[in-house]
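A short write-up of the structure that comes next.
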Amino acid sequence: MTRQGDPHQQQKGVRAANCMVATGHPLAARTAIRVLEAGGSAVDAAIAADAILGVVEPMATGIGGDILAMLVQPGGDAITYNGTGRAPMALTGDRIESLPGGKIPERHPLSTTTPGVVRGWFDLHQRYGRLPMADLLATAIATAEAGFAVGPICAREWQLFEPVLQSDPTSAVL
């Protein structure tokens, strides 16, 4: 997860013999590499990496979000998957126009969708996965239970949103 010494200094890359993975966090990259080395598919590796990123960088991805995927098959054909959630039923053009400025505020019930990522993981896994889903999620679960050193990106993002959390009495006590 981090180099010895400064827990906020992240490794710049992860090496493997016969595969390549690019993620925003070295723990996610190592997790995906292990999945590939265990015989998992690229989809298996992506699911495992996304799951661990939801733990160590939850502001960037997680089970409360959506998933868009493009897979290129060996013959070169591309397949796309849209795992975005449904918009709120009450969201209509007229409703948006009636809001201040004619747009949905950033923090508003109408600014959210039903999360689609978990359904997306299972849909893609059913068609392209090789390893059991429990194996793909094991590192994310273990990391969430054991804890981890917060990296510099996550620390910066959390610090930026501290005033937002402090402005809500319920969040402030946490």
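Quick note: the coordinates plus some simple rules give every number you see, no bench work behind them. Predicted model only: the values in this text are computed from it and were never measured. Here the Cβ positions follow ideal geometry from the backbone for every residue, glycine too, while neighbour counts run over all protein chains shown.
What does the extension gain come out to for Glu97 and Leu110, with contour length at 0.36 nm per residue minus their alpha carbon separation? Kindly include the intermediate steps, with their values, before the conclusion.
Working: separation 13, 0.36 × 13 = 4.68 nm, distance 1.26 nm.
That works out to 3.4 nm of additional length.
What's the whole-number percent of alpha carbon pairs in the chain lying beyond 29 angstrom?
Considering the chain, 33 percent of its Cα-Cα pairs are separated by more than 29 Å.
Which value at 222 nm does the chain reach when only helices count, each DSSP H run of 4 or more adding -39,500 (n - 2.57), with the total divided by all residues and rounded to the nearest 500 deg cm²/dmol? Show your work: numbers first, answer last.
Working: 8 runs with 77 residues, N = 174.
About -13000 deg cm²/dmol.
Out of the range 4-104, which trypsin sites (Lys or Arg not before Pro) are coil in DSSP terms and have no more than 13 other C-beta atoms within 10 Å?
Counting only loop positions with at most 13 other Cβ atoms within 10 Å, the trypsin sites (Lys or Arg not before Pro) in the range 4-104 are Lys12, Arg15, Arg86, Lys103.
Take the Cβ-Cβ distance between Ala144 and Ala90 as r, set R0 to 35 Å, and report the resulting FRET efficiency rounded to the nearest 0.05.
Calculated value: 0.55.
Which order results if Phe161, Phe148, Phe122 are arranged by neighbouring Cβ count within 10 Å, fewest first? It would help to have the intermediate numbers written out before the result.
Numbers: Phe161 11, Phe148 17, Phe122 14.
By the 10 Å Cβ count, ascending, the order reads Phe161, Phe122, Phe148.
Suppose every Lys and Arg Cβ carries +1 and every Asp and Glu Cβ carries -1, with no other charges. What dipole size does the chain come out with about its Cα centre, to the nearest 20 debye? Display every interim value, and only then the final one.
Numbers: 13 positive and 16 negative charges, 61 e Å.
That gives the chain a dipole magnitude of about 300 debye.
Roughly how big is the range 107-174's charge dipole about its Cα centre, with Cβ charges of +1 (Lys, Arg) and -1 (Asp, Glu), in debye to the nearest 20?
Working: 5 positive and 6 negative charges, 54 e Å.
It comes to approximately 260 debye.
Compute the length gained on full extension between Ser167 and Met133: take 0.36 nm times their separation in residues and subtract their Cα-Cα distance, giving the result in nm to one decimal.
Values: separation 34, 0.36 × 34 = 12.24 nm, distance 3.89 nm.
Difference between extended and current length: 8.4 nm.
Hey, with R₀ at 22 Å, roughly what FRET efficiency would Arg15 and Phe122 work out to, going by the Cβ-Cβ distance, to 0.05? Let's see the in-between values first.
On the way: r = 31 Å, r/R0 = 1.40.
Rounded to the nearest 0.05, the efficiency is 0.10.
Sorted from fewest to most neighbouring beta carbons within 10 Å, what does the list Val14, Val43, Val164 look like? Before the final figure, lay out the partial values.
Numbers: Val14 18, Val43 22, Val164 11.
Ascending Cβ contact count within 10 Å gives the list Val164, Val14, Val43.
Can you put His108, His125, His25 in order of Cβ neighbours within 10 angstrom, beginning with the fewest? Please list the in-between numbers first.
On the way: His108 11, His125 19, His25 23.
With the sparsest Cβ surroundings first, the list reads His108, His125, His25.
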